[in-house]
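These notes concern the structure reproduced below.
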Amino acid sequence: MDDHLSANPIANCHDENERLALEECVKRQRIDRRVSVFVFPAGRCELAIQFARLGASVTVGDRPVHQREVENRALAAGVQDNVRFVPCALSEMPTDLPGDPYDIIVVRRGLCCLPYHQARATLRQLLLRLRIGGKLYLSILGLHSELGDGYPGLDLPIEQRFTYLSPAMAAKYEIDQPVCLYSERNLFMLLLEGGASVLRTLTTTYGNVKGVAVRV
């Protein structure tokens, strides 16, 4: 067995969705050593590196400014051959993505920066990037998190809920653009309306929401 698979690469993963995605990768790698993963955005590249250490082929999407950092971190981790960077935005994906279609897609944030109807359209496009049976792991800022304090869209329907955070929350989290915050039910409906089969949703201790869905 590959050394990467005999170790425990998930031990230090504190995000529930990311842990589940890594476990899914381990299962698939044992059957098919050609697992393809898409991660957006890059963050500090930790998740992409963890997938690459499992032997997966990983495509990282993010703004062009992050390309050098991602490539340097992959090089330092010794997984540069398994990590590719693609400059993109969630709502403006290139037609040709390396590794497409994917077995696993992880969206750590980004959909909240779109009005609901655009988020739904973007989700549909993401699902088309998955193989049949591929899984999507989605994290979204929660309506009932601290970010909801003083949020003008708190009582608006999800279709109209796209506005700025309160000045205090915007300053604290450095979010200076309008956002659409989600309840767990909102996320469940987004996945359904986007055409996914929902496997689970959850609300974190801090009030953010996460979901796992599969393309059928």
Margin query: Taking a cut-off of 18 Å, what percent of all Cα-Cα pairs in segment 6-111 are separated by more than that?
Written below: 43 percent
Note to self: Just to confirm the number: angle between the C-alpha axis of helix 16-31 and the first principal axis of the chain, 0 to 90 degrees, nearest 10?
What the structure shows: 30 degrees
Notebook entry, point to check: Using unit Cβ charges (K, R positive; D, E negative) and no other charged atoms, how large, in debye to the nearest 20, is the dipole of the chain about its Cα centre?
Noted result: 480 debye
Next item on the list: Compute the accessible area per residue over the chain, keeping the other protein chains in place, probe 1.4 Å, unit Å².
Entry: 50 Å²
Next item on the list: With everything on Cα atoms, drop me the angle between helix 67-77 and the longest principal axis of the chain, reported from 0 to 90° to the nearest 10.
Entry: 40 degrees
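Over the chain, what number does the Rg to Rh ratio reach, with both radii from the alpha-carbon atoms and Rh per Kirkwood?
Rounded to two decimals, Rg over Rh is 0.97.
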Item checked: Heavy-atom accessible surface of the chain: percent carbon and sulfur, 1.4 Å -> 50 percent
Note to self: Can you tell me the orientation of helix 184-193 relative to the chain, as the angle in degrees between its alpha-carbon axis and the longest Cα principal axis, to the nearest 10?
What the structure shows: 70 degrees
Note to self: On a 1.4 Å probe surface of the protein chains, which of 104, 132, 175 comes out largest in accessible area, and what is the full order?
What the structure shows: 132, 175, 104
Notebook entry, point to check: Considering only the other residues whose Cβ falls under 9 Å of the Cβ of residue 44, what net charge follows from Lys and Arg at +1 and Asp and Glu at -1?
Noted result: -1
Checklist line | Solvent-accessible surface ranking, highest first, for 161, 28, 34, 53 at 1.4 angstrom | finding: 34, 53, 28, 161
Note to self: Once you compute Rg and the Kirkwood Rh from C-alpha atoms, what is the Rg to Rh ratio for segment 84-153?
What the structure shows: 1.03
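Using the Kirkwood formula on the Cα atoms of segment 97-216, what hydrodynamic radius do you get, in angstrom to one decimal?
Computed over Cα pairs of segment 97-216, the Kirkwood hydrodynamic radius comes out at 14.5 Å.
Which value in Å is the Kirkwood Rh of segment 67-106 over different Cα pairs?
Working: mean 1/r = 0.0865 Å⁻¹.
For segment 67-106, inverting the mean 1/r across all distinct Cα pairs yields 11.6 Å.
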Next item on the list: May I ask for the percentage of alpha-carbon pairs in segment 172-216 that lie more than 14 Å from each other?
Entry: 54 percent
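Considering only DSSP beta bridges whose two residues both sit in the chain, what percent are antiparallel, to the nearest 5?
Given both bridge residues lie in the chain, the antiparallel proportion sits at roughly 40 percent.
The values are calculated or read from the model by the stated rules, or taken from the named source; none is laboratory data. Just so we're clear, the structure is a prediction, and the values are computed from it rather than from any experiment. All Cβ positions, even for glycine, are placed from backbone atoms using ideal geometry, and neighbour counts span all protein chains on display. Just so you know, the surface numbers come from the protein's heavy atoms only, side chains and all, with ligands and any DNA or RNA stripped out. Shrake-Rupley method; radii C 1.70, N 1.55, O 1.52, S 1.80 Å.
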